[in-house]
Amino acid sequence: ITSGSVFLSKSFIDDPAAPGGTVTLEFTLTNPTETYVATDITFTDDLSVALTGLAATGLPQADICGAGSSLAGSNGNTLLTMDGGSLGAGESCTFSVTLDIPAGTASGTYTNTTSDVSATVGGQAVTSTAASDTLNIAGINFTKEFIDDPVIAGGQTTLRFTIGNVHPGDGATA
C-alpha cells in the first residue's frame, strides 16, 4: 500500500495589479513522497469564479510539468486545465501564466481557488486539496523618489511623493 499526494500551491506574484493590466499567476506542484513517481497529475482553475473576464494569455503551454503535460484554456481562456503532469519522487515543478485583468475591474481583493488535484502515485489514485490565493486590484498607486540624488553629506535633497488613480472609471477619495 502506498500513501502520498501531490500538493499544489499558487500565487499572484506581481500584484497588486491595475485594472486593464496584467498579472502573473504561478503554480507549484510537489510530490513529497520519497519513493513513488506521480503521474496523470491534473487540476482546473476557473478564473471567472474569482473575477468575471479574468483571462489567460499564451495558451496552450506544453511540457510544463513533465513530458506531455500541458496547460490549456477554454471558455475564452477563463478556465485553465493542467493535464498529464508527472513528477519523480521528491520533485516539484513550477510554471506560470499571464492573466489579463478586465479594464473596468473595481479595486479590491478577489480570491481564486483551483479544483482538487488528481494524480496517480505508486499506482494508486490520489486526490489533494485545492490551492487558493487572493488577487489584489489597486485603485491608486503611490511612489516616492529623491529628486536631487546623489546629495553631498550634510546637504539637502527633495523627496517627491506621487499618488495616482490608476482605475479607469472610479474616482479616488479620502
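The values are calculated or read from the model by the stated rules, or taken from the named source; none is laboratory data. Fair warning: this is a prediction, and the values are worked out from it, not measured in the lab. Glycine gets a Cβ as well: all are built from the backbone with ideal geometry, and neighbour counts include every protein chain shown. Ligands, DNA and RNA are excluded from the accessible area calculation, which covers all protein heavy atoms including side chains. Shrake-Rupley method; radii C 1.70, N 1.55, O 1.52, S 1.80 Å.
Values as computed for the structure displayed
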{"read-out": "Selection from segment 75-88 of residues that are closer than 14 Å to ILE64 by Cα, polar (S, T, N, Q) and surrounded by fewer than 19 Cβ atoms within 10 Å (Cβ to Cβ)", "value": "THR81"}
{"read-out": "Criterion (more than 26 Å from SER5 (Cβ to Cβ) and not charged (D, E, K, R)) met by exactly one of ALA72, ALA138, ALA119", "value": "ALA138"}
{"read-out": "Those residues of segment 89-111 which are among the hydrophobic types (A, V, I, L, M, F, W, C), closer than 17 Å to GLY53 by Cα and open to solvent by less than 20 Å² (accessible area, probe 1.4 Å), in sequence order", "value": "VAL97, LEU99, ILE101"}
{"read-out": "Given (1) surrounded by 15 or more Cβ atoms within 10 Å (Cβ to Cβ); (2) over 18 Å from the mean Cα position of the chain (by Cα); (3) more than 19 Å from THR129 (Cβ to Cβ), number of the condition LEU59 does not satisfy", "value": "(2)"}
{"read-out": "Positions within segment 22-56 being surrounded by fewer than 15 Cβ atoms within 10 Å (Cβ to Cβ) and either under 19 Å from GLY84 (Cβ atoms) or out of contact with any strand residue (DSSP E or B) (no Cβ under 9 Å at 6 or more places or on another chain) (or both), in sequence order", "value": "GLU34, THR35, THR52"}
{"read-out": "Cβ pairs under 7 Å, 6+ apart, first in segment 1-29 and modelled with pLDDT of 95 or more, second assigned to a loop (DSSP other than H, G, I, E, B) and open to solvent by 20 Å² or more (accessible area, probe 1.4 Å)", "value": "PHE7/PRO32; VAL23/ASP14; VAL23/ASP15; THR24/ILE13; THR24/ASP14; GLU26/ILE13"}
{"read-out": "Of all residues making up segment 89-116, the number that are among the hydroxyl-bearing types (Ser, Thr, Tyr) and modelled with pLDDT under 95", "value": "3"}
{"read-out": "Among (1) closer than 27 Å to TYR110 by Cα; (2) at pLDDT below 95, the one test that SER48 misses", "value": "(2)"}
{"read-out": "Among (1) within 16 Å of the chain's Cα centre (by Cα); (2) of a type in the set (Ser, Thr, Tyr); (3) open to solvent by 20 Å² or more (accessible area, probe 1.4 Å) - the single one THR114 does not satisfy", "value": "(3)"}
{"read-out": "Subset of segment 20-51 (residues that are of a type outside the set (A, V, I, L, M, F, W, C), outside any strand (DSSP E or B) and under 16 Å from the mean Cα position of the chain (by Cα))", "value": "GLY21, SER48"}
